[in-house]
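First the structure, in the form of structure tokens, and then the observations on it.
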Amino acid sequence: MISKVQTEQAVFDREPVIPEEKTAISIRKVNAWYGNKQVLFDVNMQIKKHRIMAFIGPSGCGKTTLLRCFNRMNDTIRSFRLEGTIKINDTDITTKQADPISIRRKVGMVFQQPNSFPMSIHRNLKLPITENFPNIDKAKIEQIIKQKLQDANLYDEVKDRINRSALKISGGQQQRLCIARMLTIEPEILLFDEPCSALDPLSTNKIEDLLVRIKEKYTVVIVTHNIEQARRIADDVAFFYEGRIVESGTAENIFLVPQTELLERYLSGKI
Amino acid sequence: MEKLLIDSAAKHVNVNKNKKGFKISPLFDSLWEFMIFLLAAMGALLIIMIFLFILLKSWKIFSASGLQIITTTGFEEQIRQAYNAPADLPVWKFGMLSLIVGTITTTLGALIVAVPAGVGTAVIICEMSSGWLKRFLESSTRLLAAIPSVIYGLVGLMLVVPFISGNLLTVEMQMKYLEYFQLTGNSMLAGIIILSFMIVPMVIALSVDAINAVPKEYREASLALGITKWRTITLVVIPAAKSGILAGVILAAGRGIGEAIALSMVSGASAVLPSLSHGFVFLFTPVLPLASAIVNKSQAISIPSIEAALFACGVILLVMCSFLSICTKIIESVVRRRQGLE
Amino acid sequence: MNKIRDSLQQSFAWLSALITIVACFSIIVFLFLKGYKAISFEFLTTNPNPTFQAQEAGGILSPMAGTFLITIIGILIALPWAIATAIYLSEYAKKNLITSYLKIAIDVLSGVPTIVIAIFGVALFTMPAFGFLSSMIEGIEGANKAFGKSFFVCSMGMAVMVLPYVIKTCEEAVKAVPVSYREASLALGASKRSTITKVVLPSAKRGIITAVILGMGRIIGDTAIVWLLLGGSIRMTGPQPWWHFANWLDTLKNTGSTLTTYIFFNSPAGEGNKAELAFGASIVLIIIIILLNTVADFIGSRGAVKEE
Ligand SMILES: Nc1ncnc2c1ncn2[C@@H]1O[C@H](COP(=O)(O)OP(=O)(O)OP(=O)(O)O)[C@@H](O)[C@H]1O
Ligand SMILES: [Mg+2]
């Protein structure tokens, strides 16, 4: 019992790891279908630890689908089917034996629309903590909540109304609340599906700053339609077109010397 | 479809234009609108009329009994006196405490059974089942809701009441409580059991609506946080659906309070004040809820004072049910506002 | 610890779902087992007799006719009224106090127990002015009052009872008609009335039919209103033969019974106390209700397919 509590607490006291070039997610030969319709074709990719990977590509090309494979969210879609392997820390997460719950604890996700629960801000943050770390004490919970709100650049804006409804703060604030909420479960990998598409430029800036700041501690994968945004924050970029990865590499390479005509046309806004 | 409609509208307009010379159309239009307003106004006035009529009819009871009507007992005895009283000396004083308590205990008892069971079934329907099982559950619920109350009463009388008197009651118990009331199977418990089955479909139906209305984003958010499906349901989905569920509970309460026929058949039809001091025999007390009293004593309605007393039961019922209806509205808007949906 | 809690909760939910199914089926099976012997051609085609001899008790022809009569008349009164109110609410009502009052009034009305509507009917229709709907009787002290019990009176009570439900369903149906239809019609110069009668109502037809069927189901199943506004006699009390076309007005101004009061009368709680007949009539009633529900479902599902 005691040792379990200690390890749980230890998770939160973890020092930021010094960045090193290692693979966080390794994707091999992934094909995916909704019913009979194939939406991903033979995707291969390595996502590096402590870097920001951006998925870009026109609408409907399968970015969200691939992203949702990383935390098994596609399990909720009945018609979905996947082939291939996706390895996180050298274990294949696509198999039946892999437990989606523990995968989701390791791989956090922020959605396109802010989806804070219809409860107080405080309860929004407390709920995942008590569910994932049942033996944690009260003072520690409060400490984590404060810490994560600060990590998400939100603490100063909401500290006076932490017990008010989370639906009564602005969209940008809600999105940062969702980020803070995701951080409470101490994931290793963070997935963002167009996190800024519903936000104004100022909120977008805040979230971008945040992403750049937290990549020290985590690995970040972000889907974005905003090429400027990818330019500003991404370390690596993968360009999708109709379910295939057409080009991928470091951000400089992708944006400065695109190899394919498709990417060139996409970057110049023609597709 | 749309094009077709527009075509037909166009055709109709042409017809109208031909008629314009007679100038009938505007007159007819305003007459038609007047009818609509009139009927809507009649609908709006109906509830006031109901209130006024039954209040007027029972006014003598309320003015003679005052507050005692809800604080004293003795309804059976008073009915008997009123029945035998000479026409020039009618009895206007009635005490309906035992009826009110009977209404509340049966309804509350049924809610205690039906609300958890109904919400549980709704969760199964919405979240845990699919395909034929789901359809099967849905149609069972709908059928349960459609069974008329008199059939519930009949089944209760032929199934539940004999079960209680055969298996739960002993001769010693009957002897012991003879001075208070007769212990037959017809009892509060039988009423509660039957009423539970009558109101559970309402709780299920409204909970299903409420749970289905919870956006799937909340579920995804919770699952993505590593929370199990079941905990997602209990921690996120049900709390988010609570205002709808509460509306269902209140509606079900209203149904229970207003149920007359089934309860008059199974709950004992005798206005005893149930007392907790009897221990578990409390549940076997025969009770007469307000609504059943009206059915039960309606043979004597030709006597003006009894008629007035039954109307007084109606007034109390109406006040309780209107209060519940208005509560639903208020709770709905409060919860919505608190959740920031407005 | 938490695992145990979760599995307890889950088993509870599954158990309640199971009970719902089992209850539903055992009620139906119980009724059939107890009542199938009562059902025969004769049972369905003869009139009931209030007698203690089981052999002479007769059948349920006139109660079925009674159910039919109050259902049809009741819905005929309620439907135009409900459609008018629904049209007012969706097409004419402005956001003001009167409208919100009307909405609350309808909500409260839908929460009024049927027994209260029944005694409201007693209060209203025993007024001498409404004597033409039933018959006049000598009250105490020679004061005239109306009898207040007849098929007409009962149907009106039923209309009041179903009114709020029919309004709500009709309102939903009318509101579901896309605004573009209305705009198209108005843009072509049609008046508001013809837009509503020629475009909106036809498009809402399916919803309105559903409302009618649901309302009919409620009327068929109700006992309290019949008990007080039609009375406890199980025979048709008008001139015989009651079905003769020369007597129809008198039949409607007199009393009788419906399937529900027939069941009540023959249950151990009533005076007849012939349970088998009550069960037989219950089977007939349940079948009618299941048929109505199926029709409503069919219309609903066909509509859903069509709209896709
Ligand atoms: N639940 C689903 N059922 C069936 N098909 C789906 C489902 N979700 C997505 N699709 C299809 O899969 C393909 C890929 O969708 P996906 O959401 O991954 O695209 P995307 O790249 O994220 O697009 P966007 O930029 O618009 O979000 C699309 O053609 C889409 O129509
Ligand atoms: Mg997407």
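We did not get these values from a lab; they are worked out from the coordinates using the rules stated. Note that the structure is predicted; figures quoted are calculated from it, not measured. Ideal geometry is used to build each Cβ from the backbone, glycine not excepted, and the neighbour counts take in all protein chains shown.
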Please report, for the Cα atoms of the range C:201-261, the Rg to one decimal and the Dmax as a whole number; what are they, in angstrom?
-> 15.5, 45
Mind ordering B:206-219, B:111-124, A:137-150 by average Cβ neighbours within 10 Å, highest first?
-> B:111-124, B:206-219, A:137-150
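Calculated FRET efficiency, C:Phe245 and C:Ser40, Cβ-Cβ r, R0 22 Å, to nearest 0.05?
Using R0 = 22 Å, I get an efficiency of 0.20.
Which whole number gives the average, over all residues in A:154-162, of C-beta atoms from other chains lying within 10 Å of the residue C-beta? Before the final figure, lay out the partial values.
Values: counts 0, 0, 0, 0, 0, 0, 0, 0, 0.
Mean number of neighbouring Cβ atoms from other chains: 0.
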For every other residue with a beta carbon closer than 11 angstrom to the beta carbon of A:Asp193, add +1 if it is Lys or Arg and -1 if Asp or Glu, then tell me the sum.
-> 0
For the range B:262-327, take the alpha-carbon Rg, divide it by the Kirkwood Rh, and send me Rg/Rh.
-> 1.05
Taking the simple approach of a point 7 Å from Cα along Cα-to-Cβ for both A:Lys22 and C:Lys103, what is their distance in nm?
-> 6.0
Debye log10 I(q)/I(0) for chain B, one point scatterer per Cα, at q = 0.13 Å⁻¹ = -1.07
Alpha-carbon radius of gyration plus Dmax, which is the widest Cα pair, for the range B:106-168 in Å | 14.8, 41
Would you please give the FRET efficiency between C:Val29 and C:Arg302, computed as 1/(1 + (r/R0)^6) with r the Cβ-Cβ distance and R0 = 22 Å, to the nearest 0.05?
-> 0.15
Using just the alpha carbons, could you tell me how many Å³ per residue the convex hull of the range B:184-339 encloses?
-> 147
Could you list, in their original order, any pairs among A:Lys138/A:Lys168; A:Lys29/A:Lys63; A:Lys148/A:Lys206; A:Lys148/A:Lys215 whose Cα atoms are separated by more than 18 Å?
-> A:Lys138/A:Lys168
Note on chain B: helices (DSSP H) long enough, at least 27 Å by alpha carbon along their axis, and hydrophobic enough, mean Kyte-Doolittle at least -0.5, are B:24-57, B:97-123, B:188-212, B:304-338
Relative to the longest principal Cα axis of chain A, at what angle does helix A:121-132 sit, 0 to 90 degrees, rounded to 10?
-> 80
Fraction of the pair-distance distribution of the range B:69-110 above 12 Å, Cα-Cα pairs, percent = 61
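If you count, for each residue, the other Cβ atoms within 10 Å and average over each peptide, how do B:185-195, C:83-93 line up from highest to lowest? List each step's numbers first, then the result.
On the way: B:185-195: 26.8, C:83-93: 21.5.
Ranked from most to least packed, the peptides come out as B:185-195, C:83-93.
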Highest to lowest packing among B:280-288, C:181-189, C:35-43, scored as the average C-beta count within 10 Å | B:280-288, C:181-189, C:35-43
Tally of Lys pairs whose C-alpha atoms are under 17 Å apart, taken over the range B:71-338, 8 or more apart or cross-chain = 4
If the chain between B:Tyr83 and B:Ser302 were fully stretched, how many nm would it gain, using 0.36 nm times the residue separation less the Cα-Cα distance?
-> 77.9 nm
Per-residue mean of C-beta atoms belonging to partner chains within 10 Å, peptide B:260-268 | 4
Other-chain or far-sequence residues with amide H under 5 Å of C:Thr255's (modelled H) | C:Thr237, C:Gly238
State the antiparallel share, in %, of DSSP beta bridges confined to the protein assembly as shown, rounding to the nearest 5.
-> 60
Residues of the range A:236-271 with backbone N under 13 Å of the label point set 7 Å from the Cα of A:Gln38 along Cα→Cβ are A:243-245
How big is the charge dipole of the range C:169-228 about its Cα centre, in debye rounded to the nearest 20, if each Lys and Arg gets +1 on its Cβ and each Asp and Glu gets -1 on its Cβ?
-> 240
Cross-link reach list, aspartates and glutamates versus C:Lys37, counting only Cα pairs under 12 Å and skipping chain neighbours closer than eight places | C:Glu276
Return the single residue from C:Ile115, C:Ile75, C:Ile167 with maximal mean-square fluctuation; model: Gaussian network over chain C, springs between Cα atoms under 10 Å.
-> C:Ile115
For B:Met96, residues with placed amide H under 5 Å, excluding near neighbours | B:Ile70, B:Thr71, B:Thr72
What are the semi-axes of the equivalent ellipsoid for chain C, taken as the square roots of 5 times the Cα gyration tensor eigenvalues, largest first, in whole Å?
-> 37, 31, 20
Histogram of C-alpha separations across the range C:4-109, 10 Å bin width, % = 11, 18, 16, 21, 23, 10, 0
Calculated SAXS-style log₁₀ I(q)/I(0) at q = 0.08, 0.09 Å⁻¹ - the protein assembly as shown, Debye, Cα scatterers | -0.90, -1.04
Provide the per-residue ³J(HN,Hα) series for the range C:272-283, in order, calculated from phi with Karplus coefficients 6.51, -1.76, 1.60 and θ = phi - 60°, each as a whole number of Hz, with x at glycine and proline positions.
-> x, 6, 10, 4, 4, 5, 4, 5, x, 5, 4, 4
Return the single residue from C:Leu18, C:Leu277, C:Leu292 with maximal mean-square fluctuation; model: Gaussian network over chain C, springs between Cα atoms under 10 Å.
-> C:Leu18
Under 5 Å from the placed amide H of A:Leu40, counting only residues 5+ away or on other chains, we find A:Ala32
Taking R0 as 60 Å, what's the FRET efficiency between B:Thr71 and A:Glu261 from their Cβ-Cβ distance, rounded to 0.05?
-> 0.10
What's the average, rounded to a whole number, of partner chain beta-carbon atoms within 10 Å of each residue's beta-carbon in C:188-200?
-> 6
The lysines whose Cα lies under 16 Å from the Cα of A:Lys96, excluding any fewer than 8 residues away in the same chain, are A:Lys87
Report the label-to-label distance for B:Val171 and A:Gln46 in nanometres (one decimal), using points 7 Å from each Cα along the Cα→Cβ vector.
-> 9.1
Rg (Å, one decimal) plus Dmax (Å, integer) for the alpha carbons of the range A:23-267?
-> 18.1, 57
DSSP beta bridges in the range A:23-267: the antiparallel percent, rounded to 5, is 60
